[in-house]
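Notes for the one structure printed next.
Derivation of every value follows stated rules applied to the coordinates shown; laboratory data play no part. Please read these numbers as outputs of a predicted model, since none were measured by experiment. All Cβ positions, glycine included, derive from the backbone under ideal geometry; neighbour counts span all protein chains shown.
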């Protein structure tokens, strides 16, 4: 069975947890934080997980991670 190529941008953005979920970071976190509310900034610090609808697609892109 040949190896599957890993999608380069996906391996930088997603990782798999021990339970098999796909972990990712929140969007809108890098700049213009002054105009965002404190609640929004605090919420974006927490872990984010991909939805079950997108999970299978992402797992195909990062088969060995």
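So the values come out like this:
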item: Calculated FRET value between residue 7 and residue 28, using beta carbons and R₀ = 25 Å, to 0.05; result: 0.65
item: Separation in nanometres of the label points that stand 7 Å from Cα toward Cβ, at residue 65 and residue 19; result: 2.0 nm
item: Mean separation of Cα contacts under 8 Å (6+ apart) over length of the chain, as relative contact order %; result: 44 percent
item: Correct choice for log10 I(q)/I(0) by the Debye sum over Cα atoms at q = 0.15, 0.29 Å⁻¹ that was computed from the model, options (i) -0.66, -1.15; (ii) -0.73, -1.12; (iii) -0.57, -1.23; result: (iii)
item: Using alpha-carbon coordinates, inclination of helix 52-61 to the longest axis of the chain, degrees; result: 60 degrees
item: 222 nm mean residue ellipticity, helices alone, for the chain (DSSP H n ≥ 4; -39,500 (n - 2.57); rounded to 500); result: -8500 deg cm²/dmol
item: Relative packing of peptides 52-64, 32-44 - highest average C-beta neighbours within 10 Å first; result: 52-64, 32-44
